[in-house]
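The values are calculated or read from the model by the stated rules, or taken from the named source; none is laboratory data. What you are looking at is a predicted structure, and each value in this text was computed from that prediction instead of being measured. Cβ coordinates were reconstructed from backbone atoms using ideal geometry, including for glycine residues, and neighbour counts include every protein chain displayed. Each accessible area value is taken on the protein alone, full model and side chains, heavy atoms only, with ligands, DNA and RNA left out. Shrake-Rupley method; radii C 1.70, N 1.55, O 1.52, S 1.80 Å.
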Amino acid sequence: MTLNEFINKTLEKTKKPFAFLKYEGKEKEYLTYTHHGNPGLFADDSNEATVYEVSVSVYSDKNYISLIENVISIMKEADFIWTDSGEDMRDDETGLYYKVLYFEIERCDFIWQQ
């Protein structure tokens, strides 16, 4: 399973539309995400795992606190560590409010194959 597949499977539990990088649907409440990896778990002059940093942006035209709490809970259930939250913002282009949530997960390559 790829990292995107794993994140998709996790975010499906929110029952909200979501997309990697950019959402192009019509809903007023949705999620977008992006990620990157850094070497981690060093042993014998080599890295044995990758630390993936995932950001999930929560967009809404109404109070989204319960959705934010739900995303954090679901990500934690999937073994992501919640590391930070951005400030509450407003996207002038869409007129929607949004907040970025930051997570990390450390995985050895073979774990994604399970």
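Below is a table of values for the structure above.
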item: Selected residue (criterion: nearest to Glu27 (Cα to Cα)) from residues of the stretch 62-76 that are open to solvent by less than 30 Å² (accessible area, probe 1.4 Å) and part of a helix (DSSP H, G or I); result: Leu67
item: Answer from Tyr59, Tyr23 - the residue that is touching a Pro at 6+ places or on another chain (Cβ under 9 Å), surrounded by 11 or more Cβ atoms within 10 Å (Cβ to Cβ), more than 18 Å from Ile105 (Cβ to Cβ) and at pLDDT 95 or above; result: Tyr23
item: Hey, Asp79 touching a residue at least 24 places away in the same chain (Cβ under 8 Å), open to solvent by 70 Å² or more (accessible area, probe 1.4 Å) and more than 19 Å from the chain's Cα centre (by Cα) or not; result: no
item: Single match in Leu31, Leu11 (criterion: open to solvent by less than 100 Å² (accessible area, probe 1.4 Å) and not in a strand (DSSP E or B)); result: Leu11
item: Residue match in the stretch 37-51 (condition: β-branched (Val, Ile, Thr), open to solvent by less than 60 Å² (accessible area, probe 1.4 Å), in a strand (DSSP E or B) and over 13 Å from Glu106 (Cβ atoms)); result: no
item: Residue within the stretch 83-94 that is among the small types (Gly, Ala, Ser), touching a Lys or Arg at 6+ places or on another chain (Cβ under 9 Å), at pLDDT 95 or above and in a strand (DSSP E or B) present; result: yes
